[in-house]
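Some notes on the structure that comes next.
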């Protein structure tokens, strides 16, 4: 990746939606909306509600399915000059594996095995369109009573290992904060062969309309994101980065360079902007220039050196 | 679509809890069309966090040549209801201050077919976009039938309404006593002189649901503008979904709409 600022899955679509407003290619990486084997219409509505300094969503992984993704979305993604990471979701190990297998078959096993840099010869129209996978382990496992994969270290390790066997491309496991000990899950991903972990996915939350005596969201609960979750994300990155040797990618509530720098100081090697893009599509570029200005002011040459600057 | 900092040119109260905002339109950005909307950020703080969508209620092209002194910028406007934190903050914004705008967003109302009589219906705060559509069609020489519905005459905004507009109030305090759908059901065909009707509407869910039923019953084509909570406004987040009439999933209010063929959405199915 050319720079440490990625655009988080579920907030940037497949890159084209924001095209008129921002240069998506200027990001370090674009994380696609989650892709599942079958098309998913998504959850009943309302799906989103605003909360104090945050928002709840229960979109339900709405996506056109892997076939349509390869047919309709991948050609456009291949023209991207930023790294493209496909976010993968499923209800069983087989479903995750199927998505990865089909993309590998389409994009080629070799090309793109190393993350591309912008301007490098393989970038642009000749790219494979896929520079890695981000595994959304917050989905319920239909074979384990609907308990999310990501809450059980054994399942995370097994799933990661299964996918590891299918691709040479980088695998990033996206950790859920809805667990007792996020370090156990991070270690499980590392043991399974993940190249990195990203944290955090959204926190389970709920708000209730007291006039109607029912939840605001049709599904009852949803995932909390936005500035409200920033301290949870920073603490998760701090803990996870001390538990594993693989890089940690931080996300959760980043609206500014100051927020991103908290993650980098906590131990993250890269970050993602998610809800911040909804609020201001220029958020990611503001974050990047702010990080660069801070590094220059503090005489820091490399992103990975920032983590070591945290004092007790 | 463009993102820009717009100068606020007007922000006045037009009815109890309703206001009209107008702001300078970015030169070079495509002019908004009736049915389209914009999003604004009400505050630089994180609370309220999300941008809010508002439908355009009017647009005036730039006045005077570029060289002429005193040339006015193009002006866009919207009628909004003060009903939460974001709109309260918007109500407090002073003329001359700047506001973060993204627009124009969404699909506009399609143009009427030759020979059709447009019946334009606005319920409650949905009156903004229909006034815009009405003005545009009149400017093109058409004579739409404009039907506006309010709960009571006390909510009548201090906005110049087109001559001949039909006013309906639930309590009968002004105009026709009853809903817009009641009036259209009884009078629209006659008012159109027997010519084919084409419905255009924006308003509360129950109004659109009733109007969709009527349109289906009479085989009138219709284009309705929907409202839904949204996060991004550009088609990325899938938050502003509306259930399709055929039961096959959802359409996005922001990017597939907000204006839909009346037959495409299960109006009233959304909570």
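The values are calculated or read from the model by the stated rules, or taken from the named source; none is laboratory data. Quantities reported herein were computed from a predicted structural model and do not represent experimental measurements. Note that each Cβ is placed from the backbone with ideal geometry, even for glycine, and that neighbours are counted across all protein chains shown.
The number of residues in segment B:18-36 that are under 16 Å from residue B:93 (Cβ atoms) and in contact (Cβ under 8 Å) with a residue 60 or more places away in the chain comes to 5. The residues on offer are B:201, B:192, B:135, and the sole one that is on the phi < 0 side of the Ramachandran plot and surrounded by 21 or more Cβ atoms within 10 Å (Cβ to Cβ) is B:201. Please work out which one of (1) out of contact with any strand residue (DSSP E or B) (no Cβ under 8 Å at 6 or more places or on another chain); (2) over 30 Å from residue A:253 (Cα atoms); (3) in contact (Cβ under 8 Å) with a residue 24 or more places away in the chain is the condition residue B:83 fails and give its number. Every condition holds for residue B:83 apart from (2).
Do we have residue B:255 as in contact with a helix residue (DSSP H, G or I) (Cβ under 9 Å, 6 or more places away or on another chain) and within 14 Å of chain A (Cβ to nearest Cβ) here?
Working: in contact with a helix residue (DSSP H, G or I) (Cβ under 9 Å, 6 or more places away or on another chain): no; within 14 Å of chain A (Cβ to nearest Cβ): yes.
So residue B:255 fails the test.
Quick one: which residue in B:188, B:201, B:215 is at pLDDT 95 or above, farther than 29 Å from residue A:281 by Cβ and in a helix (DSSP H, G or I)?
Working: B:188 fails: at pLDDT 95 or above; B:201 fails: in a helix (DSSP H, G or I).
Answer to the check: B:215.
Every test in (1) at pLDDT below 95; (2) more than 13 Å from every other protein chain (Cβ to nearest Cβ); (3) under 18 Å from the mean Cα position of the chain (by Cα) is passed by residue A:62 save one, and that test is (2).
Only a single item in (1) surrounded by fewer than 22 Cβ atoms within 10 Å (Cβ to Cβ); (2) more than 14 Å from chain A (Cβ to nearest Cβ); (3) part of a strand (DSSP E or B) is not met by residue B:122, and it is number (1). Of all residues in segment A:20-38, which are more than 8 Å from every other protein chain (Cβ to nearest Cβ) and part of a loop (DSSP other than H, G, I, E, B)? Selection gives A:22, A:23, A:27, A:28, A:32, A:34, A:36, A:37, A:38.
Looking only at segment B:87-99, decide whether some residue is under 18 Å from residue B:58 (Cβ atoms), within 14 Å of chain A (Cβ to nearest Cβ) and not in a helix (DSSP H, G or I). Within segment B:87-99, one or more residues are under 18 Å from residue B:58 (Cβ atoms), within 14 Å of chain A (Cβ to nearest Cβ) and not in a helix (DSSP H, G or I). Annotation: residue A:249 fulfils all but one of (1) away from chain B (no Cβ under 14 Å); (2) touching a strand residue (DSSP E or B) at 6+ places or on another chain (Cβ under 7 Å); (3) in a helix (DSSP H, G or I); the unmet one is (3).
Checking the conditions here, which among B:76, B:62, B:30 is out of contact with any strand residue (DSSP E or B) (no Cβ under 6 Å at 6 or more places or on another chain), within 30 Å of residue B:112 (Cβ to Cβ) and at pLDDT 90 or above?
Working: B:76 fails: out of contact with any strand residue (DSSP E or B) (no Cβ under 6 Å at 6 or more places or on another chain); B:62 fails: at pLDDT 90 or above.
Only one candidate qualifies: B:30.
Test residue B:234 against the criterion of being on the phi < 0 side of the Ramachandran plot, outside any strand (DSSP E or B) and either within 14 Å of chain A (Cβ to nearest Cβ) or without any contact (Cβ under 8 Å) to a residue 12 or more places away in the chain (or both), and give yes or no. So residue B:234 passes the test.
Criterion first (within 14 Å of chain B (Cβ to nearest Cβ) and out of contact with any helix residue (DSSP H, G or I) (no Cβ under 9 Å at 6 or more places or on another chain)) does residue A:207 satisfy it? The answer is yes for residue A:207. Residues in segment B:125-150 that are within 15 Å of residue B:223 (Cβ to Cβ) and part of a helix (DSSP H, G or I): B:126, B:129, B:130, B:132, B:133, B:134, B:136, B:137.
Out of the residues in segment A:1-14 that are more than 9 Å from chain B (Cβ to nearest Cβ) and part of a loop (DSSP other than H, G, I, E, B), state the one that is modelled with the lowest pLDDT. If you could, list the steps in order and put the result at the bottom.
Kept after step one, since they are more than 9 Å from chain B (Cβ to nearest Cβ), are these residues of segment A:1-14: A:1-9.
Applying the additional criterion that residues be part of a loop (DSSP other than H, G, I, E, B) yields A:1-4, A:8-9.
Numbers: A:1: 75, A:2: 83, A:3: 93, A:4: 96, A:8: 97, A:9: 97.
Out of the qualifying residues, it is A:1.
Taking residue A:75, is it more than 12 Å from chain B (Cβ to nearest Cβ) and over 18 Å from the mean Cα position of the chain (by Cα)? Yes; evaluated as a whole, the condition is true for this residue.
When you go through A:234, A:248 one by one, which is the residue that is in contact (Cβ under 8 Å) with a residue 40 or more places away in the chain, touching a helix residue (DSSP H, G or I) at 6+ places or on another chain (Cβ under 8 Å) and at negative phi?
Numbers: A:234 fails: in contact (Cβ under 8 Å) with a residue 40 or more places away in the chain.
Within the list A:234, A:248, the selection yields A:248.
Considered as a group, the residues in segment A:166-211 that are in a helix (DSSP H, G or I) and touching a strand residue (DSSP E or B) at 6+ places or on another chain (Cβ under 7 Å) include one that is nearest to residue A:97 (Cα to Cα), and that residue is A:189.
Exactly one residue among A:17, A:50 is within 14 Å of chain B (Cβ to nearest Cβ) and part of a loop (DSSP other than H, G, I, E, B), and that residue is A:17. Within segment B:100-114, the set of residues being part of a strand (DSSP E or B) and closer than 14 Å to residue B:30 by Cα comprises B:101, B:102, B:103, B:104, B:105, B:107.
With respect to residue A:220, determine if the residue is assigned to a loop (DSSP other than H, G, I, E, B) and surrounded by fewer than 17 Cβ atoms within 10 Å (Cβ to Cβ). Yes, satisfied.
In segment A:181-200 there is no residue that is at pLDDT 95 or above, within 17 Å of residue A:91 (Cα to Cα), under 17 Å from the mean Cα position of the chain (by Cα) and crowded, with 24+ Cβ neighbours inside 10 Å.
Going by the structure shown, is residue A:304 closer than 20 Å to residue A:7 by Cα and modelled with pLDDT under 95? When the stated conditions are applied, residue A:304 passes them. Looking only at segment B:210-231, how many residues end up being over 13 Å from residue B:260 (Cβ atoms) and away from chain A (no Cβ under 14 Å)? Counting residues in segment B:210-231 that are over 13 Å from residue B:260 (Cβ atoms) and away from chain A (no Cβ under 14 Å) gives 8.
Residues checked against (1) away from chain A (no Cβ under 14 Å); (2) surrounded by 15 or more Cβ atoms within 10 Å (Cβ to Cβ); (3) assigned to a loop (DSSP other than H, G, I, E, B); (4) in contact with a helix residue (DSSP H, G or I) (Cβ under 9 Å, 6 or more places away or on another chain):
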site: B:5; (1), (2), (3), (4): no, no, no, no
site: B:11; (1), (2), (3), (4): yes, yes, no, yes
site: B:26; (1), (2), (3), (4): no, yes, yes, no
site: B:31; (1), (2), (3), (4): yes, no, yes, no
site: B:40; (1), (2), (3), (4): no, yes, no, yes
site: B:50; (1), (2), (3), (4): no, yes, yes, yes
